[in-house]
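The values are calculated or read from the model by the stated rules, or taken from the named source; none is laboratory data. Small disclaimer: the values here were computed from a predicted structure and weren't measured. Neighbour counts run over all protein chains shown; Cβ positions are idealised from the backbone, glycine included. SASA here: full protein model, heavy atoms, side chains in, ligands and nucleic acids out. Shrake-Rupley method; radii C 1.70, N 1.55, O 1.52, S 1.80 Å.
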Amino acid sequence: MGAKSFLEGGIASVIAGCSTHPLDLIKVRLQLHGETPSSTTVTLLRPALAFPNSSAAFLATTTSSVPKVGPISLGINIVKSEGAAALFSGVSATVLRQTLYSTTRMGLYEVLKNKWTDPESGKLNLTRKIGAGLVAGGIGAAVGNPADVAMVRMQADGRLPLAQRRNYAGVGDAITRMVKSEGVTSLWRGSALTINRAMIVTAAQLASYDQFKEGIVESGVMKDGLGTHVVASFAAGFVAAVASNPVDVIKTRVMNMKVGAYEGAWDCAVKTVRAEGPMALYKGFVPTVCRQGPFTVVLFVTLEQVRKLLRDF
């Protein structure tokens, strides 16, 4: 039973990841938009009582507004400048990431959920669902981080000048070159952020899906079928997007950075807010929602169908 839950989750995750990859690529490009040091800074008067090295000091500086770009216009620009195939840059890394990360988290979540379910009532409360999601997401992220780093770099490559592009041939080439030039530890760059994000996403996504689904069925609004799965999964995707976007922005920038650009996650967050304002942490939110919604719908609808197919095995 445990092995089957990993297989079901893996199949559903790979299908969902590949089908929504272009939206994920646009999200990554938007999250990196404005990161270049070309923007001009304007120093404001620092409050008299603020200490120079305090964590609040970064609020004393800001930048001139970076030209805004939306997901649709960005997508059109990518197609015009790089070709339609560029929307699937890094898809091989997505397949590997979903195979490692999502297979682990989906299967482990089901194992923990079954183990922690009350044998008498057959129910699992929301707190335990969230706990199962946190554990499963953290372990899954640790396993899949190398593919995650490769995917971010491959998706972001097209925004760099031609002379600076890495031009990875595929996920295998990306991982091999990273190990040779930056060391094995580079494969786990941003892993703390990846794990934190995965814990948030998995807990929000899987726990809220189960909760929404149970609530809809128990209230009698809809029966347990395709309609319920679509509604519950889209709601779960929105919850996951809201909860994870700030961590996702920092994770993307740390993974894509040149060596030495940031000293760590906190340094990246401070520099991002200082240069672009607090709302920079929600860059790419629209495509995140647009991606998380369809991704979660495809994920859970496919998962439910795969479960039906494998029910007798």
Worksheet item: Of Thr194, Val217, Gly131, which is farthest on the positive side of the dipole of the chain, counting Cα position, with +1 on Lys and Arg Cβ, -1 on Asp and Glu Cβ, and the Cα centre as origin?
Response: Thr194
Fill in: Read-out volume of the Cα convex hull per residue in Å³, derived from the coordinates shown; its label in [x] 139; [y] 173; [z] 162
[z]
Worksheet item: Where in region 128-175 are there trypsin sites (Lys or Arg not before Pro) that are in a DSSP coil and have at most 16 other Cβ atoms within 10 angstrom of their Cβ?
Response: Arg165, Arg166
Discussion item. Give me the count of lysine pairs in region 206-313 whose alpha carbons sit under 23 angstrom apart, restricted to pairs 8 or more positions apart or on different chains.
Written reply: 8
Practice prompt. Determine, from the Cβ-Cβ distance of Lys68 and Val230 and an R0 of 35 Å, the FRET efficiency 1/(1 + (r/R0)^6), rounded to the nearest 0.05.
Written response: 0.65
Worksheet item: Full extension from Leu7 to Leu126: what is 0.36 nm times the residue separation minus their Cα-Cα distance, to one decimal in nm?
Response: 40.4 nm
Worksheet item: Under a GNM of the chain (C-alpha, springs under 10 Å), which listed residue has the highest mean-square fluctuation: Val242, Val152, Val95?
Response: Val242
Worksheet entry | Residue of Met154, Met255, Met178 that the Gaussian network model of the chain assigns the largest fluctuation, springs spanning Cα pairs under 10 Å | Met178
Practice prompt. State the Cα centre-to-centre distance between region 277-313 and region 174-253 in whole Å.
Written response: 8
Worksheet item: Once you charge only the Cβ atoms, +1 for Lys and Arg and -1 for Asp and Glu, what is the size of the charge dipole of the chain about its Cα centre, to the nearest 20 debye?
Response: 540
Worksheet item: When the helix-only estimate is applied to the chain (DSSP H runs of n ≥ 4, each -39,500 (n - 2.57), divided by the residue count), what is the mean residue ellipticity at 222 nm, nearest 500 deg cm²/dmol?
Response: -21000 deg cm²/dmol
Fill in: Residue-normalised accessible area of the chain, given per residue in Å² at a 1.4 Å probe
48
Item to complete: Mind checking the full-extension length gain between Thr185 and Asp267? Use 0.36 nm per residue of separation minus the Cα-Cα distance, one decimal, nm.
Response: 27.6 nm
Worksheet, complete the sentence: Counting only protein heavy atoms with a 1.4 Å probe and every protein chain in place, the carbon and sulfur fraction of the accessible surface of the chain in whole percent equals 67
Fill in: Extension reserve of the Gln164-Arg311 stretch, reckoned as 0.36 nm per residue once the Cα distance is removed
47.9 nm
Worksheet entry | Virtual spin-label span in nm between Met222 and Asp173, 7 Å along Cα→Cβ | 4.4
